[in-house]
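To keep things clear, I will list the structure first and then write my remarks on it.
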Amino acid sequence: MAKGYWIVHVDIIDPEKFKAYASATPVALKKYGAQFLARAGQYQNPEGATKTRNSIIEFPSYQAAIDCYYSEEYQAAAKLRLSAVTIDVVIVEGVDAS
């Protein structure tokens with residue numbers, strides 16, 4: 001079964017509101033078996049556009065990545081970031097290793 005990934009690009013507008021969102025998301029991420037592979041570290045953007053903060057979150061399956069995003073827990077956390085950030089989230093199916 002292929003893993004699932006969130007690819008997230010964020011520009012923080014209100015750091016205090018973003019902190020509330022960031023502290024609320026672990027509940028949903030843990031429930032769906034997520035782990036950060038990249039989290040706001042150094043980056044280069046040799047082509048195209050991006051935002052100032054970039055993360056990759058791995059899930060045990062593509063379905064788990066989708067279920068987490070639409071879960072009550074994550075959607076409650078997402079409401080906390082409405083005026084705090086501009087964000088792009090892409091949910092991607094990984095390459096099946098078998």
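Summary of values
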{"item": "Least to most buried among Arg39, Arg53 (fewest other Cβ within 10 Å first)", "result": "Arg39, Arg53"}
{"item": "Label-point separation in nm, Ala97 to Thr52, each point 7 Å along Cα→Cβ", "result": "3.6 nm"}
{"item": "Karplus-derived 3J(HN,Hα), 6.51/-1.76/1.60, for each residue of the stretch 81-90, Hz, glycine and proline x", "result": "9, 3, 9, 9, 8, 10, 9, 10, 10, 10"}
{"item": "Paramagnetic label zone (point 7 Å from Cα along Cα-to-C-beta, Ala20; backbone N under 18 Å) in the stretch 50-81", "result": "73-81"}
{"item": "Kyte-Doolittle mean at least -0.5 and Cα axial length at least 24 Å: DSSP H helices in the chain", "result": "15-31"}
{"item": "Dipole moment magnitude, nearest 20 debye, the stretch 33-77 about Cα centre, only Lys, Arg, Asp, Glu C-beta charged", "result": "260 debye"}
{"item": "Estimated vicinal HN-Hα couplings, Hz - the stretch 49-56 in sequence order (Karplus 6.51, -1.76, 1.60; Gly, Pro = x)", "result": "10, 8, 10, 7, 9, 10, 9, 10"}
{"item": "Residues with amide H under 5 Å from that of Lys51, placed H, sequence gap 5 or more", "result": "Val10"}
{"item": "Potential extension, Ala38-Glu72 segment - 0.36 nm per residue separation minus Cα distance", "result": "9.8 nm"}
{"item": "Size of electric dipole in the chain: Cβ of Lys, Arg +1 and of Asp, Glu -1, about Cα centre, debye, nearest 20", "result": "320 debye"}
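Read-outs throughout are calculated quantities, based only on the coordinates presented, and are distinct from any laboratory measurement. Just so it is clear, the structure is predicted and the values come from calculations on it, not from any experiment. No Cβ is skipped: glycine too gets one built from the backbone with ideal geometry, and neighbour counts run over all protein chains shown.
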